[in-house]
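Reviewing the structure listed below.
None of the figures in this text is laboratory data; all of them are computed from the coordinates on show. Keep in mind that this is a model prediction, so the values were computed, not measured. Counting neighbours? That spans all protein chains shown, and the Cβs are built from the backbone with ideal geometry, glycine included.
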Amino acid sequence: MYHLLIEINFANMNKISVLIIITLSLTTASACTVFDSNESNRIICSNAWYTVVEEQIPTGDGQGHGPDLGSMEWRSVIKFKLGIRGDKNNPALASEQWCQYIDVNYIK
C-alpha cells in the first residue's frame, strides 16, 4: 500500500513537472521574442526599430560614443551616412514619415 502511494504521488509529480516545464518554456519563448527586421507589421519609430536601424547603419564610433538612438542628431547622422542629407524630397526628420521612408528604402 505504501509503495502504491509513492507511485501515485510520483506520477502526479511528473504531470506537474511537465506542466511547469511547458509553462516555463512558453513564457521564456514569448519573453525572448526577437524583433524581426523583415516583419511587415513592425512598429517604426520605436526603440526596437531604432536598434534595427543602428545595427544596419551604425552611427557611433565603435567605442560606445554616438548620438542617442532616435534623437534628431541620430536621425541626421543616418541621413548623412545614407548620403541623402540635403535632399528636399525626404520627409521631415521629426516625423513618423521619415521613419517610414528610411524603413521602406534602406532597412532590410
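Taking the charge dipole of segment 47-106 about its Cα centre, with +1 at Lys and Arg Cβ atoms and -1 at Asp and Glu Cβ atoms, the residue from V53, H65, G83 reaching farthest to the positive side is G83. The modelled label-to-label distance between N47 and L69, using points 7 Å beyond Cα along the C-beta direction, is 0.8 nm. Taking a ≥ b ≥ c as the square roots of the Cα gyration tensor eigenvalues, with a/c under 1.5 meaning rounded and otherwise prolate when a/b beats b/c, else oblate, which class fits segment 47-106? In terms of gyration-tensor shape, prolate.
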